[in-house]
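K.L.:
Starting off with a structure, shown below.
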Amino acid sequence: MDIAAEGLRRSKQVPEDDARRALRVVRSQLPVSARDTHKIGVIGSSAGGHLMATLMAYNDEGNAHATNTIEQQRSRPDFGVLVYPVISMEDGLTYDPSKTNLFGHNLTSQKRQRFVEYFSIEKHVNHLFPPVFMFHTKDDAVVSVENTYRMVDALEKAKVSKEQKGGL
């Protein structure tokens, strides 16, 4: 889905773009001999966990034809650490004001549903998803542990390496 074409304000894409750019910058600064070590990971908690999971789901291999060495680098992290992450945007799992902050105001129900689908990361896990370490507690009063349960299920179905800890 082209979220810009769907009417998501450009400012709402900035965190994803910044995260992709940060990975590219880090990779571009490594010595050439170290670029293929596959040891660059990301970590995020709560909404930051959602951002990092989004980065793991939506990334690219870079642009080999770019004249800028930063843009030549891939934006896929090699692993991720998700700490009590927001994963799903399904009703009942995510605090509604958080969705409004991400999606914006005055959306049609159809457009809102497309955003829920796009930003419910558990629906976008496949065999290319990087390995994940997660931890969460059952008594988290802010982010439902159901988010982590759904992510674990999606990772297992896709046969992605994962480990989870906490009061799961």
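K.L.:
Looking at the stretch 125-139, which of its residues are more than 17 Å from the chain's Cα centre (by Cα), within 25 Å of V160 (Cβ to Cβ) and assigned to a loop (DSSP other than H, G, I, E, B)?
P.N.:
K138
K.L.:
If you don't mind, another one. Within the stretch 19-50, count every residue that is of a type in the set (D, E, K, R), assigned to a helix (DSSP H, G or I) and out of contact with any helix residue (DSSP H, G or I) (no Cβ under 7 Å at 6 or more places or on another chain). If you could, list the steps in order and put the result at the bottom.
P.N.:
Filtering the stretch 19-50 down to residues of a type in the set (D, E, K, R) leaves 20-21, 24, 27, 35-36, 39.
Keeping just the survivors that are assigned to a helix (DSSP H, G or I) gives 20-21, 24, 27.
Within this subset, residues satisfying the condition of being out of contact with any helix residue (DSSP H, G or I) (no Cβ under 7 Å at 6 or more places or on another chain) are 21, 27.
Counting residues in the stretch 19-50 that are of a type in the set (D, E, K, R), assigned to a helix (DSSP H, G or I) and out of contact with any helix residue (DSSP H, G or I) (no Cβ under 7 Å at 6 or more places or on another chain) gives 2.
K.L.:
Report the residue count in the stretch 120-134 for those that are in contact with a Ser or Thr (Cβ under 8 Å, 6 or more places away or on another chain) and closer than 17 Å to V42 by Cβ.
P.N.:
Of the residues in that region, 4 qualify.
K.L.:
Of all residues in the stretch 75-93, which are surrounded by fewer than 18 Cβ atoms within 10 Å (Cβ to Cβ) and not hydrophobic (A, V, I, L, M, F, W, C)?
P.N.:
Passing the criteria: D78, E90, D91, G92.
K.L.:
Condition check: closer than 17 Å to Q13 by Cβ and surrounded by fewer than 18 Cβ atoms within 10 Å (Cβ to Cβ). Does T108 satisfy that?
P.N.:
no
K.L.:
May I pose another question? If V142 satisfies every condition in (1) closer than 20 Å to K157 by Cα; (2) not in a helix (DSSP H, G or I); (3) not small (G, A, S) but one, which is the exception?
P.N.:
Unmet condition: (1).
K.L.:
Where residues in the stretch 94-105 are surrounded by 16 or more Cβ atoms within 10 Å (Cβ to Cβ), of a type outside the set (D, E, K, R) and free of Cβ contacts under 8 Å to residues at least 60 places away in the same chain, which of them is nearest to K123 (Cα to Cα)?
P.N.:
At the first step, the residues of the stretch 94-105 found to be surrounded by 16 or more Cβ atoms within 10 Å (Cβ to Cβ) are 94, 98-99, 102-104.
Filter once more, keeping what is of a type outside the set (D, E, K, R): 94, 98, 102-104.
Restricting the remaining residues to those that are free of Cβ contacts under 8 Å to residues at least 60 places away in the same chain gives 94, 98.
Values: T94: 15, S98: 19 Å.
Result: T94.
K.L.:
Among residues belonging to the stretch 8-17 that are surrounded by 12 or more Cβ atoms within 10 Å (Cβ to Cβ) and within 18 Å of D60 (Cβ to Cβ), point out the one that is modelled with the lowest pLDDT.
P.N.:
Q13
K.L.:
Go over the candidates H38, H65 one by one and state the one that is at pLDDT 95 or above and either surrounded by fewer than 14 Cβ atoms within 10 Å (Cβ to Cβ) or at positive phi (or both).
P.N.:
Only one candidate qualifies: H65.
K.L.:
Of all residues in the stretch 78-124, how many are β-branched (V, I, T), farther than 20 Å from H136 by Cβ and in a helix (DSSP H, G or I)?
P.N.:
Residues that pass the stated criteria total 2.
The values are calculated or read from the model by the stated rules, or taken from the named source; none is laboratory data. Model, not experiment: these values are computed from the prediction. Positions of Cβ are backbone-derived with ideal geometry, glycine not excepted, and every protein chain shown enters the neighbour counts.
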